[in-house]
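Q: Dumping the structure here so I can ask a few things about it.
The values are calculated or read from the model by the stated rules, or taken from the named source; none is laboratory data. As the structure is a computational prediction, the values presented were derived from the model and not from experiment. Cβ placement follows ideal geometry from the backbone for every residue including glycine, while neighbour counts extend to all protein chains displayed.
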Amino acid sequence: MTRWLDDQEQATWRAFLGATRALMDALDRELQHEAGMPHAYYEILVRLSEAPEHNMRMSELADACGSSRSRLSHAVARLEESGWVRRQDCPTDRRGQLAVLTDEGMRQLTEAAPGHVEGVRSHLFDQLNPSQVAELRRISDAILGGLKEHRA
């Protein structure tokens, strides 16, 4: 039997959906305009910058970015063309490949980060008071936890 949304749930769902779409849209547009890259590429560069030795297995990078392996492979190919990432064979697994952040990729990320952080701050955090920020964190963690359980 279908558990339909009541009026409050429906309004909440639509507000959540609209807010998340509009936020990601604004951040993506700003990154494109200011740094010449979509948000998906920025996230790849961030993940690699935070990884030990600035590299990750392609499969782990795809999982970390919430991307399919084929979509990530395409994005990494574009980042390779820009000289921001390079691929290399995985030393511990002949079938695996690593994505490696280049010095140029780190430079691009370092230049893009201040504008991106300002966008996140102005579009998200400046709209909330401290208790709302804490609540948003609790809500987001609960949603992610439920989704992880569902996948397992």
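Q: From (1) of a type in the set (Lys, Arg); (2) modelled with pLDDT of 95 or more; (3) more than 17 Å from the chain's Cα centre (by Cα), pick out the condition that doesn't hold for Arg121.
A: Only one criterion is unmet by Arg121, namely (3).
Q: Six or more apart or on different chains, Cβ under 8 Å: which pairs go from a residue in segment 33-48 that's touching a residue at least 24 places away in the same chain (Cβ under 8 Å) and under 22 Å from Leu98 (Cβ atoms) to one that's β-branched (Val, Ile, Thr) and in a helix (DSSP H, G or I)? Could you list them?
A: Ile44/Val76
Q: Let me ask another. So which pairs qualify, if the first residue must be in segment 111-126 and more than 10 Å from Leu27 (Cβ to Cβ), the second must be of a type outside the set (Val, Ile, Thr) and part of a loop (DSSP other than H, G, I, E, B), the Cβ gap must be under 8 Å, and the two must be at least 6 apart or on different chains?
A: Ala112/Met37
Q: Considering each residue of segment 108-152, count those that are part of a helix (DSSP H, G or I) and farther than 15 Å from Tyr42 by Cα, and give that number. Please lay out each step first, then the result.
A: Taking segment 108-152 and keeping what is part of a helix (DSSP H, G or I), we get 108-123, 125-127, 130-151.
Of the ones still in play, those that are also farther than 15 Å from Tyr42 by Cα are 121-123, 125-127, 130-151.
Adding up the residues that qualify gives 28.
Q: Considering segment 79-100 alone, what residues qualify as being touching a strand residue (DSSP E or B) at 6+ places or on another chain (Cβ under 9 Å) and under 15 Å from Met37 (Cα atoms)?
A: If the condition is that a residue be touching a strand residue (DSSP E or B) at 6+ places or on another chain (Cβ under 9 Å) and under 15 Å from Met37 (Cα atoms), then Leu79, Glu80, Trp84, Val85 are the ones that fit.
Q: Right, another one. Please pick out the residue among Ala134, Ala142 that is surrounded by 11 or more Cβ atoms within 10 Å (Cβ to Cβ) and without any contact (Cβ under 8 Å) to a residue 60 or more places away in the chain. Steps first, answer last, please.
A: Working: Ala142 fails: surrounded by 11 or more Cβ atoms within 10 Å (Cβ to Cβ).
The unique qualifying residue is Ala134.
Q: What number of residues within segment 41-55 satisfy the criterion of being small (Gly, Ala, Ser) and surrounded by fewer than 18 Cβ atoms within 10 Å (Cβ to Cβ)?
A: Residues that pass the stated criteria total 1.
Q: Here's another thing I want to ask about it. Filter segment 65-107 for residues that are surrounded by 18 or more Cβ atoms within 10 Å (Cβ to Cβ), assigned to a helix (DSSP H, G or I) and of a type in the set (Gly, Ala, Ser) and give the result.
A: Ala75, Gly105
Q: Which residue pairs have Cβ atoms under 7 Å apart, sit 6 or more places apart or on different chains, and have a first residue in segment 1-21 that is closer than 22 Å to Leu124 by Cα and a second that is not polar (S, T, N, Q)?
A: Taking only residues 6 or more apart or on different chains, the pairs are Trp13/Leu5.
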